[in-house]
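For reference, the structure discussed in these notes is given below.
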Amino acid sequence: MPSDVQKLMEVQDADRHILRLKEEIASLPKKVAAIEQKLAGTKAVLENAKTAVKADEAARRKHEATIQELQGKISKYRDQSLDVKTNEQYKALLHEIQFSEQEIRAQEDKILDLMVNAEAREKKVKAAEADLKTEMAEIEKEKADARERTARDEKELAEWAAKRNDLRAGINPDLLRHFERVSKFRGSGISEVLNQKCTACQVMLRPQTYNEVKSGKVIECESCQRILFFDPAKEVAAAPSNAPHHRRRVRPKSDAPQAWFYRPSFQDHGEVLLVYNNESGTSSRRVYDFNNGREIGDVLVREGKYPLAFPEDMTDDTIRLNGNWDDAELESWGTEMPMTVLDLLHVDLQSARADANPRSKPRPDEAITAEHPAAR
C-alpha cells in the first residue's frame with residue numbers, strides 16, 4: 001500500500017475522531033441546559049406551593065379582621081338596645097345582632113377550611129423543598145461531570161488535530177486536496193476495495209483498475225471519486241466459473257408517479273439529476289447536481305404529467321433511472337440529498353449505460369448489481 005494512502009487512512013480515522021469529539025463537546029451545553037430546565041420546573045412547583053400558603057394566610061387574616069369588625073357591630077347594637085323606646089327598634093337591633101353572629105360563624109367555617117388545607121399545603125412545600133435540594137445536588141454533580149468531560153474532550157481533540165496536521169504535512173498536496181474535496185461532499189475520501197468492489201459505493205471495478213489498485217497504484221473510484229486501497233489479507237478467492245449470472249437491471253416503470261433522470265448537460269449546470277412527481281393533475285420538478293447532490297434552484301410545478309409539462313427536459317441524452325422516495329422524504333433532505341441516495345443513483349446510471357451498450361457490458365463476474373433499494 002502506498003505510504004500516502006496509508007497516511008490518508010489515518011487522516012480519515014482522525015477526522016472521524018475529531019467529528020465525534022466536536023459533536024460531543026457541542027452536545028454538552030445542551031445537556032446542561034436540559035438539566036437546568038428540569039431544575040426550573042422543580043423551582044416553579046416550590047414557588048407555586050409557597051404562593052398558595054401565603055394566599056391562605058392572607059385569606060385567614062382577612063376573615064379574622066371581618067370577625068373583629070362584626071363583633072364590634074354586635075357590641076354597638078347591644079349598647080343601643082339599652083336606649084331604645086319601642087319594641088320595633090329593639091327587634092331591628094336584635095335582627096342585626098343575629099345577622100352579624102351568622103356572618104361570624106360563616107367566617108369561622110372558612111378559617112377552619114383554611115386550617116385543614118394548611119397542613120396539606122405545608123407538606124407540599126416541604127416535599128418540593130426536598131426535591132429541589134436533591135435535584136440541585138444531582139445537577140451540580142452532572143454539571144461538574146460535563147465540565148470534566150468537556151475538558152477531556154477538548155484535550156483529546158487538540159491531540160487528534162495535531163496528529164492530523166502532522167499526517168497531512170507528509171502527503172502529496174494534490175492527492176490531499178482531492179481527498180478533502182471528496183470527504184466534504186461524501187463524508188469520506190478513501191474506500192477499501194473488497195471482492196473487486198468499492199465498498200463505499202458498491203460499484204464493481206474494471207479488471208484493469210482492480211489490478212492497478214492491487215499493485216499499489218493510487219487510483220480513484222470512477223463512480224464516487226474516493227481514493228481506493230486494497231488489503232491483500234482480506235482478498236476473497238475467485239468464484240467458480242459456473243457461478244450463476246447476475247440478474248439484469250430492473251427497469252423503471254413507465255407509469256410510475258415518480259421518475260428520476262440523468263442529464264449530462266442541463267442549462268448552465270452540467271451533469272444533473274432530475275426528479276418528477278405526478279399528483280392531482282400537476283407535476284413538480286426538482287434538480288440536483290450529479291456530483292455532490294446539492295439541489296439547484298427551486299421546485300417547479302406545472303399542469304399535466306411530467307412528459308407533457310416539461311417536454312424541453314426530455315432530450316435524447318436523458319437516461320431514466322430507478323428511484324422512488326416520497327415527498328416527505330424529499331423535503332427532509334433540505335438542499336442536499338444524502339450521499340447514500342446519490343451513490344445508489346450513480347450505480348444505477350452505470351448499470352443503465354451497460355445495458356444500453358452490450359459491447360461495453362462487464363462479464364458476469366465483473367457486473368454491477370443494479371437491483372438496489374432505490375428500485376422500488
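The values are calculated or read from the model by the stated rules, or taken from the named source; none is laboratory data. Since we're looking at a predicted model, the values are computed, not measured. Every residue, glycine as well, gets a Cβ built from its backbone with ideal geometry; the counts of neighbours run over all protein chains shown.
Taking every residue in the range 150-176 that is of a type in the set (A, V, I, L, M, F, W, C) and pairing it with any residue that is not in a helix (DSSP H, G or I), at least 6 positions away or on another chain, the pairs with Cβ-Cβ distances below 8 Å are Leu175/Val218; Leu175/Ile227.
Among the residues of the range 41-54, those that are at pLDDT 80 or above, more than 12 Å from Glu129 (Cβ to Cβ) and exposed (fewer than 15 other Cβ atoms within 10 Å of the Cβ) comprise Ala44, Asn48, Thr51, Lys54.
Only one of Val125, Val203 is within 30 Å of Ile67 (Cα to Cα) and in contact (Cβ under 8 Å) with a residue 40 or more places away in the chain; which?
Values: Val203 fails: within 30 Å of Ile67 (Cα to Cα).
Answer to the selection: Val125.
Taking (1) over 38 Å from the mean Cα position of the chain (by Cα); (2) touching a residue at least 60 places away in the same chain (Cβ under 8 Å) in turn, His17 satisfies each apart from (1). May I ask you to list the residues in the range 59-71 that are modelled with pLDDT under 90 and among the small types (Gly, Ala, Ser)? The one that is modelled with pLDDT under 90 and among the small types (Gly, Ala, Ser): Ala59. Inspect the range 182-195 for any residue being surrounded by 16 or more Cβ atoms within 10 Å (Cβ to Cβ), hydrophobic (A, V, I, L, M, F, W, C), in contact (Cβ under 8 Å) with a residue 60 or more places away in the chain and in contact with a strand residue (DSSP E or B) (Cβ under 9 Å, 6 or more places away or on another chain) and give the result as yes or no. Yes, the range 182-195 contains a residue that is surrounded by 16 or more Cβ atoms within 10 Å (Cβ to Cβ), hydrophobic (A, V, I, L, M, F, W, C), in contact (Cβ under 8 Å) with a residue 60 or more places away in the chain and in contact with a strand residue (DSSP E or B) (Cβ under 9 Å, 6 or more places away or on another chain).
For the range 44-62, does any single residue satisfy the condition of being part of a helix (DSSP H, G or I), of a type outside the set (A, V, I, L, M, F, W, C) and touching an Asp or Glu at 6+ places or on another chain (Cβ under 7 Å)? Checking the range 44-62: not a single residue is part of a helix (DSSP H, G or I), of a type outside the set (A, V, I, L, M, F, W, C) and touching an Asp or Glu at 6+ places or on another chain (Cβ under 7 Å).
Just one of (1) part of a helix (DSSP H, G or I); (2) over 30 Å from the mean Cα position of the chain (by Cα); (3) surrounded by 13 or more Cβ atoms within 10 Å (Cβ to Cβ) fails for Thr150. It is (2). The number of residues in the range 294-315 that are of a type in the set (D, E, K, R) and under 30 Å from Arg186 (Cα atoms) comes to 4. With respect to being in contact (Cβ under 8 Å) with a residue 60 or more places away in the chain, more than 30 Å from Glu220 (Cα to Cα) and crowded, with 16+ Cβ neighbours inside 10 Å, Leu8 falls outside the description. Here Lys143, Lys155 are screened, and the one residue that is under 30 Å from Gln37 (Cβ atoms), at pLDDT 90 or above and out of contact with any Pro (no Cβ under 9 Å at 6 or more places or on another chain) is Lys155.
Lys110 fulfils the conditions (1) surrounded by 14 or more Cβ atoms within 10 Å (Cβ to Cβ); (2) without any contact (Cβ under 8 Å) to a residue 40 or more places away in the chain except for a single criterion, (2).
Conditions (1) aliphatic (A, V, I, L, M); (2) under 32 Å from the mean Cα position of the chain (by Cα); (3) at pLDDT 90 or above, marked per residue:
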{"residue": "Val236", "(1), (2), (3)": "yes, no, no"}
{"residue": "His246", "(1), (2), (3)": "no, no, no"}
{"residue": "Arg251", "(1), (2), (3)": "no, no, no"}
{"residue": "Gln258", "(1), (2), (3)": "no, yes, yes"}
{"residue": "Asp268", "(1), (2), (3)": "no, no, no"}
{"residue": "Tyr288", "(1), (2), (3)": "no, yes, yes"}
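Restricting attention to the range 165-175, and to residues there that are in contact with an Asp or Glu (Cβ under 8 Å, 6 or more places away or on another chain) and assigned to a helix (DSSP H, G or I), which single residue is modelled with the lowest pLDDT? Top of the filtered list is Leu167. Ala162 fulfils the conditions (1) modelled with pLDDT under 85; (2) over 30 Å from Ala356 (Cα atoms); (3) among the small types (Gly, Ala, Ser) except for a single criterion, (1). Within the range 281-329, the set of residues being in contact (Cβ under 8 Å) with a residue 40 or more places away in the chain, under 14 Å from Pro264 (Cα atoms) and either polar (S, T, N, Q) or assigned to a strand (DSSP E or B) (or both) comprises Tyr288, Asn291, Thr315, Thr318, Ile319, Arg320, Leu321. Exactly one residue out of Gln98, Gln107, Gln80, Gln102 is of a type outside the set (Asp, Glu), farther than 30 Å from Arg60 by Cβ and assigned to a helix (DSSP H, G or I), and it is Gln80. Assess whether Trp333 counts as being aromatic (Phe, Trp, Tyr), under 30 Å from Gly187 (Cα atoms) and in contact (Cβ under 8 Å) with a residue 60 or more places away in the chain. In short, no.
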